[in-house]
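Student: Here it is, the structure, as structure tokens.
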Amino acid sequence: MRNRQHLHKVAILLAGLLLVSCSQKAEEGTTPSTDSDILSIMIEEMDPAADGIWQSAGWIITEEGEQELWPTTDEGWQTVVDSAERLKALSAELDAPVYSAVGKPWSLSLVRLTEASDAARVAAEARDKQGLFDAGGDIYRACLMCHLRYAREAELSGSDTSE
Ligand code: HEC
């Protein structure tokens with residue numbers, strides 16, 4: 001139960017970080033419709049699905065010491081499996097011609113995301129903590145690979161946001 005609360009705090013923290021790193025791009029003028037479609041997929045679907053994995057693998061340091069984030073119940077692990085399956089489905093969706101017209105490197109990041117999502121699912125099914133942690137890192141790198149190239153400005157890379 002106590003763990004739950006900590007998980008919650010981490011969730012809020014991560015959400016906050018993403019908002020901070022992203023909010024500055026909002027007023028950048030007119031956005032073609034597929035771009036805003038992509039943006040809403042990212043915010044409403046991609047991000048929560050990735051959080052379903054990132055918030056369930058690793059450690060956080062709190063006042064009470066180090067806490068593990070990995071699930072401790074079958075339901076918790078199942079949530080990770082579900083998130084991994086959603087991420088994979090979203091990768092397939094974004095690879096549709098309407099989105100992938102921008103070219104090959106776009107698809108490559110989706111291949112990476114698909115592979116990493118599969119790895120996360122397999123690790124969660126096997127209750128493999130290290131495997132899930134590693135897959136979480138690979139997922140992050142796949143997000144970054146696409147963002148660095150296609151999400152205008154490199155703020156999503158986590159670089160300094162001075163405002
Ligand atoms: C195939 C390319 C691609 C991949 C892979 C990708 N994204 Fe994105 N993402 C984009 C693009 C393009 C934008 C910018 C959309 C816009 O501003 O119109 C974006 C924007 C975002 C935003 C909104 C940032 C803002 O401007 O407010 C979030 C959040 C996000 N992505 C999360 C993720 C996460 C989490 C992953 C990995 C699990 C991921 N994305 C993987 C292409 C991608």
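Student: In square nanometres and to one decimal, what's the mean projected area of the convex hull around the Cα atoms of the stretch 45-127? Each step should come with its number before you reach the end.
Tutor: Values: hull surface 24.8 nm².
Its average projected convex-hull area is 6.2 nm².
Student: Sticking with this structure for a sec: Please give the length that would be gained between Ser100 and Asp134 if that part of the chain were fully extended, namely 0.36 nm times their separation in residues minus their C-alpha to C-alpha distance (nm, one decimal).
Tutor: Here the segment from Ser100 to Asp134 would lengthen by 9.5 nm.
Student: Between Leu148 and Ile61, with labels modelled 7 Å along Cα→Cβ, what's the label distance in nm to one decimal, could you check?
Tutor: My value for the distance between the label points is 2.7 nm.
Every number here is computed from the coordinates shown, using simple stated rules; none is lab data. Values in this document were obtained by computation on a predicted structure and should not be read as measured data. Neighbour counts run over all protein chains shown; Cβ positions are idealised from the backbone, glycine included.
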